[in-house]
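To start, the structure under review is shown below, and the notes come after it.
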Amino acid sequence: MLAAHLDTVFPEGTNVKVTRQGDLLKGPGIGDDCRGLAVVLGVIQALRNGNVRTPGTITFVADTGEEGLGDLRGTKNLFHDSLKEQIDKFISVDGTGLGITNTGVGSYRYRVTFKGPGGHSFGAFGMANPIQAMGRAIAKIDTFEVPANPKTTFNVGRVGGGTSVNAIPFEAWMEVDMRSADKASLEAVHTKFKAAVQEAVEEENRRWNNRGPVTASPELVGVRPAGNTPADSPVVQTAVAVSKIFGFNGKLGEGSTDSNVPMNLGVPAVTIGGGGMGTGAHSLNEAFNTRDSWLGTQRALLLAVALAR
């Protein structure tokens, strides 16, 4: 299977019109993952134009739900429902450059809602405050010590709540992302996170003599499974060999992509870049330089043909 994802990180209504200045294409999502989709279509066109017939079947897929809270739902559907146990090798084309990802970074994603009765900022002063409890939790998260190797990360990515500057809020929320390719390290930061939320609520309630009180409800909104395709596996070795044909070193890396799902299930999988050079991924200033980007399509084509046995 050769796949690329359709979705981006941008909300509905974002202006995604692409502009061009010579070799440079600009537009939200142009590299991640418009480039991957273009490569998949390029491989299909090349196979058709060359009348290439492979010994095995190549299935081409454009999936959704790879980004944000999509939680890899497209790929999960492929492997757990639509084509369960029918996929023997999986290649994801994601983003730009010519990297190879054989390690899937797992993640936990939470939306935590803090609640209290709320009230007037002057008249009800002294009441426990959901936003202040959330602030305590964020401050605790900020002090986490995590290993640099295996790389383990945490991020409070979105917050919201409150109704007015002169009202004690009755609700606030935050979204938190934690990642690591190492299961033990991921579980360790996950445990710290849950403890931080509980401690923050307890501290806020004690501060105001339990007047309120404030509560917190952590909701697990995303789980990306960690996984790995060993460096000595035929799929990875083929990807490296194909890359070297085009003059690249075939260096292996880690990331969170659609390949996480098959890797976690033991299905050989890698993610490859689509060629060219991208900048500003996940920003409104995203750009893609098309210079020599054909190398990405040629590599994907040769890899697909080599694996279709």
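The values are calculated or read from the model by the stated rules, or taken from the named source; none is laboratory data. Here the structure is a predicted model, which means the values were calculated and not measured. We place every Cβ from the backbone using ideal geometry, glycine too, and count neighbours over all the protein chains shown.
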- Just to be sure, is R53 in contact with an Asp or Glu (Cβ under 9 Å, 6 or more places away or on another chain) and among the basic types (K, R)? no
- Message: Can you find, within the stretch 5-25, the residue that is farthest from the chain's Cα centre (by Cα) among those that are part of a loop (DSSP other than H, G, I, E, B) and either outside the structural domain of G95 (by TED's automatic domain parsing) or within 16 Å of R291 (Cα to Cα) (or both)?
- Response: G22
- Message: Here is a list: V39, V52, V43. Which entry is over 27 Å from V105 (Cα atoms) and surrounded by 21 or more Cβ atoms within 10 Å (Cβ to Cβ)?
- Response: V43
- Query: In this structure, does G123 turn out to be over 26 Å from P262 (Cα atoms), surrounded by fewer than 21 Cβ atoms within 10 Å (Cβ to Cβ) and within 18 Å of the chain's Cα centre (by Cα)?
  - Reply: no
- Message: Quick check on my filter: what residues within the stretch 170-196 are surrounded by 22 or more Cβ atoms within 10 Å (Cβ to Cβ) and over 30 Å from T103 (Cα atoms)?
- Response: A172
- Message: Looking at P150 and the list (1) at pLDDT 95 or above; (2) in contact with a strand residue (DSSP E or B) (Cβ under 8 Å, 6 or more places away or on another chain); (3) at negative phi, which single condition is not satisfied?
- Response: (1)
- Condition test on F90, is it modelled with pLDDT of 95 or more, buried (at least 21 other Cβ atoms within 10 Å of the Cβ) and of a type in the set (F, W, Y)? yes
- Which ones in the stretch 234-264 are part of a helix (DSSP H, G or I), within 16 Å of M1 (Cβ to Cβ) and either at pLDDT below 95 or within 18 Å of the chain's Cα centre (by Cα) (or both)? N260, V261, P262, M263, N264
- Out of T64, T153, T59, sole residue that is surrounded by fewer than 22 Cβ atoms within 10 Å (Cβ to Cβ), more than 24 Å from R35 (Cα to Cα) and of a type in the set (S, T, Y): T153
- Would you pick out the residues in the stretch 1-29 that are within 14 Å of E67 (Cα to Cα) and crowded, with 24+ Cβ neighbours inside 10 Å? A4, H5
- Message: So if I check each of I58, I87, I44, I91, which one is under 17 Å from the mean Cα position of the chain (by Cα), among the β-branched types (V, I, T) and assigned by TED's automatic domain parsing to the domain that holds G273?
- Response: I91
- Task: May I ask you to list pairs of residues, at least six apart or on different chains, whose Cβ atoms are under 9 Å apart, with the first in the stretch 96-125 being in a loop (DSSP other than H, G, I, E, B) and of a type in the set (K, R) and the second being surrounded by 23 or more Cβ atoms within 10 Å (Cβ to Cβ) and at pLDDT 95 or above?
- Result: none
- Task: Return yes or no: is R211 surrounded by fewer than 21 Cβ atoms within 10 Å (Cβ to Cβ), in the same structural domain as D142 (by TED's automatic domain parsing), charged (D, E, K, R) and without any contact (Cβ under 8 Å) to a residue 40 or more places away in the chain?
- Result: no
- Taking the stretch 266-291 and keeping residues under 18 Å from the mean Cα position of the chain (by Cα) and either of a type outside the set (V, I, T) or part of a helix (DSSP H, G or I) (or both) leaves A269, G273, G274, G278, G280, A281, H282, S283, L284, E286
- Filter result for R35 (in a strand (DSSP E or B), touching a strand residue (DSSP E or B) at 6+ places or on another chain (Cβ under 9 Å) and either of a type in the set (K, R) or within 22 Å of F248 (Cβ to Cβ) (or both)): no
- Query: If you check G135, G160, which single one turns out to be over 17 Å from the mean Cα position of the chain (by Cα), farther than 30 Å from T290 by Cα and in a strand (DSSP E or B)?
  - Reply: G160
